[in-house]
Amino acid sequence: MNPPEEKAWMKKIQTGDQKAFEMLFHKYYGNLCLYATKILNNNEAAEEVVQDFFVKFWGKREQINIDTSIKNYVFRSIRNLCLNHIKHNDVKENYIKNSENDIQSNIDFEEHFIEVDLVQKIEESINSLPEKRREIFRLSREEGLKYREIAEKLNISIKTVEAQMSLAIKNLREKLKDYKHFLMLFFILFKRTN
């Protein structure tokens, strides 16, 4: 198609001739999709870019000014749209990555302070137990002694050790109820076979 014919064709499209636009669409759509796929390495994204191009082309047909051939114009436009698509996706991926890192560092930060706070509260709660109960609890949970060994060491019955341990755990659960999600872990970590 020579330049005067192309100009006449473009003039028809600009004045709203749908048949002329459909001709343009059918003439280039397949090749533009192949071209976009080579750039984007993704069929669906390529088709989306090409379809968007034609929708926008029709919408702005009156303002479009083609200096070169229609073929050059449409292929150059698709190339630019593909590069914008890649740039947009890179920005989106970087944003998602950075957001994930920020979220993760905030979680780590919060967990660190919750852990520090929890350790302090556990220590305060253990220290607030009655003296004998505190001693039995520490021998069991911190030194890892079995109930029988605690009973022998303190010269008391195993039943007393069991009762005091049960009361100690009940007291701690009550005092640390705000940390119930972490408490389960605490009791599992310090659990001993008795």
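The values are calculated or read from the model by the stated rules, or taken from the named source; none is laboratory data. For clarity, every value in this text was computed on a predicted model and none was experimentally measured. A quick note on method: Cβ atoms are made from the backbone with ideal geometry, for glycine too, and the neighbour counts reach across all protein chains shown. The protein model used for the area step is the full one, side chains on, heavy atoms only, and it has no ligands, DNA or RNA in it. Shrake-Rupley method; radii C 1.70, N 1.55, O 1.52, S 1.80 Å.
Data overview
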{"read-out": "Scan of region 137-169 for residues that are open to solvent by 70 Å² or more (accessible area, probe 1.4 Å) and among the β-branched types (Val, Ile, Thr), ordered by number", "value": "ILE158"}
{"read-out": "Matching residues in region 50-88 - criterion: being among the polar types (S, T, N, Q) and either part of a loop (DSSP other than H, G, I, E, B) or surrounded by 14 or more Cβ atoms within 10 Å (Cβ to Cβ) (or both)", "value": "GLN51, GLN63, ASN65, THR68, SER69, SER77"}
{"read-out": "Lone unmet requirement of (1) in a helix (DSSP H, G or I); (2) over 26 Å from ASN89 (Cβ atoms); (3) under 46 Å from the mean Cα position of the chain (by Cα) for LYS11", "value": "(3)"}
